[in-house]
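Right, one structure below, let's go through it.
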Amino acid sequence: MSKKILIVAGDAVEALEVYYPYYRCLEQGYETDIAAPTKKTIHTVVHDFEAWETYTEKKGYGLAATLSFAEVDPNQYDGLIIPGGRAPEYIRLHPDYGRILRPFFENNKPIMIVCHGGISLAPVKDLIQGRSMTAYTACKPDIEALGATYVENHVHVDGNLISGHAWNNLPDLMREFIQQVEKR
């Protein structure tokens, strides 16, 4: 039986952080859905590190969301991926977002979070407290405000919570995520 993976995203999701996991999951033979606040073509962005004191942002590709958040039944999925970009800033405000996240934490299913994705965990703050994770450096105050311990490593695993600093950590993140999904 094929595994089923959910990727949550929205406009301004970082292109590499959504496309790489999406195609890697498909390559693995997993049925993979991309959910967004509304079922539509979402706009991705490309973040790069170019001799600025922060990252730069450019327009990326369009990507079809296969489900709206309202349509998601989280109990149908074996794993969850939360890419970064600016999408996490606003998807965390959607009334269905916490309902989607909670079962993955409560049922100890693999959760992979990249870069700014960690800031979207506010709706499940009670499940993050006492955990440890990493994220893009600028997100450290947000991670700590959730009650988690921020770890400086570029890839960190705390049980089912697999977190990474940025898109250049995706090979290691996906390797761990797939190992955990396969064990279920």
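The values are calculated or read from the model by the stated rules, or taken from the named source; none is laboratory data. This one's a predicted model, so the numbers in the text were calculated from it and none came from an experiment. When we count neighbours, we look across all protein chains shown, and the Cβ atoms used for this are built from the backbone with ideal geometry, even at glycine. Side chains are part of the model used for accessible areas, which takes the heavy atoms of the whole protein and leaves out ligands, DNA and RNA. Shrake-Rupley method; radii C 1.70, N 1.55, O 1.52, S 1.80 Å.
Leaving out ligands and nucleic acids, note down the accessible area per residue over the chain with a 1.4 angstrom probe, in whole Å².
44 Å²
Longest segment of the chain with no GluC sites (Glu not before Pro) in a DSSP loop having at most 13 other Cβ atoms within 10 Å?
It works out to 54-151.
Could you check how much of the accessible area of the chain is carbon and sulfur, as a whole percent, using a 1.4 Å probe?
Carbon and sulfur together cover 50 percent of it.
Near residue 125, which lysines are there with a Cα under 20 Å away, not counting those fewer than 8 places off in the same chain?
Of all the lysines, those that pass the test against residue 125 - Cα under 20 Å, at least 8 places apart if same chain - are 109, 140.
Running a GNM on the chain with Cα contacts under 10 Å, which residue among 125, 58, 109 ends up with the highest mean-square fluctuation?
Judging by the Gaussian network model, the answer is 58.
Between residue 41 and residue 175, what is the label-point separation in nm under the 7 Å Cα-to-beta-carbon projection?
It is 3.6 nm.
Counting helices only, and only those DSSP H runs with n ≥ 4, report the 222 nm mean residue ellipticity of the chain as the sum of -39,500 (n - 2.57) divided by its residues, in deg cm²/dmol to the nearest 500.
Helix-only estimate at 222 nm: -8000 deg cm²/dmol.
Is the chain rounded, prolate or oblate when judged by the Cα gyration tensor, a ≥ b ≥ c being the square roots of its eigenvalues, rounded requiring a/c under 1.5 and prolate requiring a/b larger than b/c?
Note, shape of the chain comes out rounded.
If you take the beta carbon distance between residue 153 and residue 90 as r and set R0 to 41 Å, what does 1/(1 + (r/R0)^6) give as a FRET efficiency, to the nearest 0.05?
That gives a FRET efficiency of 0.90.
Students often forget the sequence filter, so: which aspartates and glutamates lie under 16 Å Cα-Cα from residue 39 once same-chain residues fewer than 8 apart are removed?
Within reach: 11, 71, 73, 96.
Take the stretch 35-81, compute every pairwise Cα distance, and split them into 10 Å bins from 0; I just need the percent in each bin.
Per 10 Å bin, starting at 0, the Cα pair percentages come out as 24, 33, 27, 15, 1.
Which value in nm describes the separation of the simple spin-label points at residue 53 and residue 68, placed 7 Å from the Cα toward the beta carbon?
4.2 nm
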